[in-house]
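*Asks:* Got a structure for you, written out below as structure tokens; questions coming shortly.
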Amino acid sequence: VFNAKTAELLSHHQVELQQKFPKEGWVEQDPKEILKSVYECVEKTCEKLQQLNIDITNIKAIGVTNQRETTVVWDKTTGEPLYNAIVWLDLRTQSTVDRLLKRIPGENKAFFKLRTGLPLSSYFSAVKLRWLLDNVEEIRQAVNDGRAMFGTIDSWLIWVLTGGKNGGVHCTDVTNASRTMLFNIHSLEWDPELCQFFDIPMEILPKVRSSSEIYGLMVCFLKSGALTGVPISGCLGDQSAALVGQMCFQDGQAKNTYGTGCFLMCNTGQKSVFSEHGLLTTIAYKLGRDKPVCYALEGSVAIAGAVVRWLRDNLGIIKTSQEVEELAAEVGSSYGCYFVPAFSGLYAPYWEPSARGIICGLTQFTNKNHIAFAALEAVCFQTREILDAINKDCGVPLNQLQVDGGMTANKILMQLQSDILCIPVVKPSMPETTALGAAMAAGAAEGVGIWSLNPGDLPAVTCERFEPQINPEESEFRYARWKKAVMKSMGWETSEAPSNGKSE
């Protein structure tokens with residue numbers, strides 16, 4: 001909960017969601033658990049407000065922000081999800097992608113790029129939805145009976161929170177729609193030809209709205225009943241929300257969010273810029289029904305914070321995420337060890353699904369501290385690759401990088417990032433800019449009107465700056481070694497491999 005006048009964070013609560021890995025490369029979440037976590041966060045945040053003697057009836061609007069491409073299908077008559085949500089970095093759809101590619105002239109991955117801004121990849125929702133329709137009988141049946149609804153997580157939450165099967169609003173915003181591969185980013189409408197290509201019935205799709213308008217009113221679930229009738233009036237995919245929260249409203253401003261993945265987004269204003277260097281063209285925001293749409297160039301890295309989770313849960317070399325900083329600090333260098341965490345293939349700028357994670361340059365001297373350091377360095381190198389691509393596409397090199405997200409609490413990571421980019425890294429003192437962006441969009445909506453988005457009215461944000469501390473030659477040397485490691489990670493997986501690892 002934020003104060004609309006000062007943008008000050010008044011109260012918050014968070015819950016870590018369970019990821020499920022039913023098979024290698026599959027990543028799922030339970031839509032009901034996501035919903036439960038939302039209820040719990042709202043409940044606890046309101047309790048904390050009451051402890052501060054702040055009346056929760058002062059909450060004037062609610063904004064929603066979400067991981068974007070994660071796909072869920074539910075039954076509008078029962079309100080129940082028909083399958084787990086397939087998470088954005090899930091790889092099960094690679095064979096679906098291969099099959100669809102064969103139907104495209106010259107098997108050109110970029111065939112729909114001018115319309116969608118996206119290459120054909122397992123990353124985007126249309127392919128996940130196609131997989132669900134091909135593989136889940138309940139979903140096929142629900143579509144045939146006219147009971148099925150598709151959405152990204154924002155749609156699922158807004159539908160339930162505005163009443164669900166009793167009149168819930170089925171909608172999404174332009175930023176989330178622009179990540180489905182079914183949406184024309186110029187006409188701002190679902191594209192009938194794309195829906196036909198993926199063979200997706202248009203009636204299951206949500207209505208597309210701007211990122212800042214009243215979608216519906218909250219149907220209460222709080223014990224106190226306090227939020228009944230509060231408008232839900234902001235909706236932005238997480239990366240767009242962070243761009244708004246960082247106040248990157250000018251053409252050429254950019255931010256990098258360090259979450260599960262890493263996402264560098266650069267505002268290109270009212271013109272869509274198409275990348276020659278492996279970036280996505282996406283919708284940055286449309287802050288009101290009658291406001292212009294703004295576009296962005298984006299580079300996506302699949303594995304950032306997830307690499308720390310992997311060191312904790314899979315290798316067990318740390319017990320808490322914070323420990324990775326301590327381990328790295330003890331050595332101050334990876335001593336020639338390089339880690340390419342291509343667990344889900346490589347995203348921007350390569351779009352190479354055949355890549356897999358590798359750790360190379362190991363010697364007898366290498367220990368877990370060096371691996372921890374190499375993991376943090378990997379996040380920075382991946383960001384550098386995207387920054388290089390953005391600089392080439394935009395022609396004006398960024399002179400500093402604005403950062404946010406959970407991983408920015410790691411000071412070693414932030415210093416490393418500045419060293420590897422050779423430019424200052426600037427971090428706001430309140431790192432939850434994604435939530436802030438959703439709050440700003442909700443508060444600025446017509447009919448709510450309690451938050452001004454005029455840059456002159458916005459409070460100055462206090463920041464911490466990290467300046468480069470190594471010479472550029474050393475930075476270039478390390479970056480060149482990293483590139484060499486990336487080349488070694490590619491072409492590892494072939495779709496011909498027997499699935500159970502045994503020769504047939």
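*Asks:* How much of the DSSP beta bridge set in the chain is antiparallel, as a percent to the nearest 5?
*Replies:* 75
*Asks:* Over region 20-237, how many percent of alpha carbon pairs lie in each 10 Å bin up to the one with the longest distance?
*Replies:* Bin by bin from 0 Å, the calculated values are 8, 33, 34, 17, 6, 1, 0.
*Asks:* Between Glu323 and Glu474, with labels modelled 7 Å along Cα→Cβ, what's the label distance in nm to one decimal, could you check?
*Replies:* Between Glu323 and Glu474, the label points sit 2.9 nm apart.
*Asks:* Applying the Karplus parametrisation 6.51 cos²θ - 1.76 cosθ + 1.60 with θ = phi - 60° to the phi angles of region 108-119, what ³J(HN,Hα) value in whole Hz is obtained for each residue in order, glycine and proline being reported as x?
*Replies:* Each residue's phi maps through the Karplus curve to give 8, 4, 8, 4, 9, 4, 5, 8, 10, x, 10, x Hz.
*Asks:* Which value, in nm² and rounded to one decimal, describes the direction-averaged projected area of the C-alpha convex hull of region 222-274?
*Replies:* With the hull built on Cα positions only, its mean projection is 5.9 nm².
*Asks:* Taking all protein chains as present, what is the carbon and sulfur share of the accessible area of region 20-237, in % to the nearest whole number, probe 1.4 Å?
*Replies:* Values: 4390 of 8490 Å².
Within region 20-237, the accessible surface is 52 percent carbon and sulfur.
*Asks:* Beyond 18 Å between alpha-carbons counts as too far, so tell me which of Lys76/Lys207; Lys392/Lys484; Lys207/Lys286 fall in that bin. It would help to have the intermediate numbers written out before the result.
*Replies:* Details: Lys76/Lys207 15 Å; Lys392/Lys484 21 Å; Lys207/Lys286 15 Å.
Correct reply: Lys392/Lys484.
*Asks:* May I ask which residue of Cys46, Thr71, Ala61 lies farthest towards the positive end of the charge dipole of the chain, with charges of +1 (Lys, Arg) and -1 (Asp, Glu) on Cβ and the Cα centre as origin?
*Replies:* Checking the options against the dipole of the chain, the answer is Thr71.
*Asks:* Tell me whether region 388-504 comes out rounded, prolate or oblate; compute the Cα gyration tensor, take square roots of the eigenvalues as a ≥ b ≥ c, and use a/c under 1.5 as the rounded threshold.
*Replies:* oblate
*Asks:* Beta carbons within 10 angstrom, averaged per residue: use that to sort the peptides 349-357, 3-11, highest first. Each step should come with its number before you reach the end.
*Replies:* Numbers: 349-357: 18.6, 3-11: 14.6.
Ranked from most to least packed, the peptides come out as 349-357, 3-11.
*Asks:* In nm, to one decimal, how far is the Glu43 label point from the Lys113 one, both placed 7 Å along Cα→Cβ?
*Replies:* Inter-label distance under the simple model: 4.8 nm.
*Asks:* A further question follows. Could you work out how far the C-alpha centroid of region 353-430 sits from that of region 1-70, in angstrom?
*Replies:* Answer, in whole Å: 28.
*Asks:* Go through Cys422, Cys262 and list them by solvent-accessible area, largest first, probe radius 1.4 Å.
*Replies:* If we order Cys422, Cys262 from most to least accessible, we get Cys422, Cys262.
*Asks:* Let me ask something additional. Using the heavy atoms of the protein chains and a 1.4 angstrom probe, tell me the accessible area per residue for the chain in square angstrom. Display every interim value, and only then the final one.
*Replies:* Details: 20920 Å² over 504 residues.
Here the per-residue accessible area is 42 Å².
*Asks:* Give me the percent of the accessible area of region 381-426 that comes from carbon and sulfur atoms, probe 1.4 Å, all protein chains in place.
*Replies:* Details: 780 of 1380 Å².
Here it works out to 56 percent.
*Asks:* Now for a separate question. Would you mind giving the three semi-axes, in whole Å and largest first, of the ellipsoid equivalent to the chain according to its Cα gyration tensor? Before the final figure, lay out the partial values.
*Replies:* Numbers: eigenvalues 225, 166, 101 Å².
So the three semi-axes of the chain are 34, 29, 22 Å.
The values are calculated or read from the model by the stated rules, or taken from the named source; none is laboratory data. No experiment lies behind these values; they were computed from the predicted model shown. Here the Cβ is made from the backbone with ideal geometry for all residues, glycine too, and neighbour counts use every protein chain on show. The accessibility values were calculated without ligands, DNA or RNA, using every heavy atom of the protein model including side chains. Shrake-Rupley method; radii C 1.70, N 1.55, O 1.52, S 1.80 Å.
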